[in-house]
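Remarks on the structure that follows.
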Amino acid sequence: MLEKLGSALKKGFDKIANAIFLDKKTIELIVKDLQRALIRADVNVQLVKEIGDKIRKEAENETIKGIEKKEHITKILHDEILNLLGKEKHELKIEKGKNNKIMLLGLYGSGKTTTTHKLAAYYSKRGLKVAMLGLDVHRPAAREQLEQLGGKINIQVFTDKDEKNPVKTYKKLKKELEEFDLIIIDTAGRHSLDKELTTEIKDLEKEIKPDHVFLVIQADIGQAAKNQAYEFQKACNINGVIITRMDSTAKAGGALTACNETKAPVYFIGTGEKTNDFETFNPKSFISRLLGLGDLEGLLEKVQSAIDEKSQKRAKERLEKGEFNLRDFQEQLKQMGNVGSFDKMLEMIPGLGKAKIPENLLGAQENKLKKWQFAIDSMTEKEIDNPEILEKQTSRLGRIAKGSGTTTTDIRQMLKQYKLLKEIASGTSDLSSIDPSQGLNQKQIMKIARKFKGKIKF
Ligand SMILES: Nc1nc2c(ncn2[C@@H]2O[C@H](COP(=O)(O)OP(=O)(O)O)[C@@H](O)[C@H]2O)c(=O)[nH]1
Ligand SMILES: [Mg+2]
């Protein structure tokens with residue numbers, strides 16, 4: 001369900017985390033993709049526009065910079081989507097021994113009868129004595145359908161096949177129903193909420209006085225769920241909504257967000273035809289499932305693990321001018337801090353962050369990185385500015401090793417990596433043409449990978 005929306009959202013968050021600079025162009029790409037995906041999921045265009053505007057506005061806020069900005073935008077995007085879906089989880093706790101009644105309403109084929117048995121099974125599993133009451137007196141097969149379902153889950157079904165009036169049916173069966181903790185009531189639908197249906201559900205509500213009235217809506221209708229919920233709300237007191245067929249449409253985003261707009265919270269969602277294809281609706285976990293384990297904390301962690309933008313920007317400028325030196329290299333090493341992996345270092349070169357260079361070549365070796373930093377700390381200015389002299393006057397290596405608690409091998413390795421990085425950078429021709437949010441294309445990656453095959457070693 002909603003795979004497309006999920007993967008579009010995921011891509012958006014990834015783009016924020018991986019962008020070298022969260023500049024206007026990148027934000028615009030992210031916003032456009034996001035809006036397209038939301039509209040495809042049938043979310044109201046006005047709401048979609050508002051989200052886009054908000055993100056653009058926050059992105060323009062110059063007081064927040066660098067990694068904080070990434071965190072900020074990630075959080076806003078996450079919270080906006082959560083807002084769309086309705087923030088909190090609405091739970092329906094049913095107490096034992098209280099003869100609770102839940103009445104389900106909805107149009108033809110919305111899934112009332114199926115949901116009646118799903119709800120019954122749900123609460124029966126939680127230790128309640130549950131019964132189902134079939135009040136769809138208009139369609140001959142409706143009561144049989146309910147009885148069949150009841151037999152499947154071993155839950156008693158009450159109906160009166162000879163009675164053509166649902167209120168009378170209820171009155172007849174009322175006494176027998178008193179011994180149950182919970183009664184789920186299936187009612188009749190119509191093609192639309194016409195006068196007859198309105199009268200019928202009003203009469204039922206008056207007679208039964210249900211503790212909860214739920215509107216059952218099929219997700220296929222998308223944002224049209226909004227008007228349907230409003231209409232039913234006008235006719236009687238709806239506590240909330242159950243959305244069915246989440247599994248069979250790409251429009252479910254529209255149905256979910258539309259219900260939130262009407263302030264008729266979604267309590268449950270149906271995700272298939274079987275008894276257990278049913279779950280409570282929790283906006284937070286719904287989002288994290290859409291994103292594949294990406295709850296807000298996970299998303300923020302991702303952002304935090306990206307390297308500080310400012311220094312990346314400086315490094316990029318110097319690289320472009322061909323001025324990248326050992327000092328820049330040292331700053332990058334510091335930036336890597338506890339991130340400590342060579343691929344993070346590559347991220348400072350536009351587009352290279354996404355290059356699929358085999359992981360074993362880039363394995364994180366924090367100790368080594370620390371040693372490299374110590375080594376550079378022990379160098380003289382002259383050595384830092386002209387690292388070539390270290391190759392010519394090898395006695396310098398001994399001195400640096402002693403001063404930094406490293407070995408000459410460590411220093412040689414460090415110098416090799418520094419040179420390699422410089423070389424990779426100069427090999428990535430025309431840096432400015434690479435879209436930072438897109439990374440390199442396959443051809444560019446292959447070229448770099450071929451060129452450096454076997455060279456990147458720790
Ligand atoms: N795929 C899918 N089908 C469902 C779901 N809920 C109900 N249905 C199907 O939708 C059709 C109509 O359901 P039904 O309960 O008879 O609707 P009613 O007219 O409102 O009582 C049936 O074929 C159900 O099996 C669901 O969550 N997913
Ligand atoms: Mg039915």
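The values are calculated or read from the model by the stated rules, or taken from the named source; none is laboratory data. Please read all numbers here as calculations on a predicted model, not as lab measurements. Don't worry about glycine lacking a Cβ; one is built from the backbone with ideal geometry, like all the others, and counts go over all protein chains shown. Heads up: the accessible areas ignore ligands, DNA and RNA and are worked out on the full protein's heavy atoms, side chains in. Shrake-Rupley method; radii C 1.70, N 1.55, O 1.52, S 1.80 Å.
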Subject >> Whole-number percent relative contact order across region 100-281, with pairs defined as alpha carbons under 8 Å at least 6 apart >> reply: 26
Subject >> Residue-normalised accessible area of region 170-262, given per residue in Å² at a 1.4 Å probe >> reply: 43
**OP:** On the protein heavy atoms, probe 1.4 angstrom, tell me the percent of accessible surface of region 100-281 carried by carbon and sulfur.
**Re:** 45
Original post:
Between residue 178 and residue 261, how many nm apart are label points set 7 Å from Cα along the C-beta direction?
Top reply: 4.7
Original post:
Between residue 88 and residue 24, what is the FRET efficiency for a Förster distance of 41 Å, r being their Cβ-Cβ separation, to the nearest 0.05?
Top reply: 0.75
Original post:
Length gain on complete extension for the stretch residue 407 to residue 3, per 0.36 nm per residue less the alpha carbon to alpha carbon distance?
Top reply: 140.2 nm
Subject >> Percent carbon-and-sulfur accessible area, region 1-89, ignoring ligands, DNA and RNA, probe 1.4 Å >> reply: 53
Original post:
To the nearest whole percent, what portion of all C-alpha pairs in region 199-275 is separated by more than 19 angstrom?
Top reply: 35
**OP:** Keeping all protein chains in place, calculate the accessible area per residue for region 28-94 (probe 1.4 angstrom), answer in Å².
**Re:** 52
**OP:** Provide the FRET efficiency to the nearest 0.05 for the residue 161-residue 274 pair, computing r from the beta carbons and using R0 = 30 Å.
**Re:** 0.70
**OP:** Just list whichever of 174/274; 101/175; 49/226; 129/175 have alpha carbons separated by over 22 Å in the model shown.
**Re:** 174/274
Subject >> Test item: Cα-centred dipole of region 100-281, Lys/Arg +1 and Asp/Glu -1 on Cβ, debye >> reply: 160
Original post:
Where does each of 410-419, 393-402 land if you order them by average Cβ count within 10 Å, highest first?
Top reply: 410-419, 393-402
Original post:
Going from most exposed to least, what order do 91, 200 have by accessible area with a 1.4 Å probe?
Top reply: 91, 200
**OP:** Compute the FRET efficiency between residue 98 and residue 33 as 1/(1 + (r/R0)^6), taking r as their Cβ-Cβ distance and R0 = 56 Å, and round to the nearest 0.05.
**Re:** 0.70
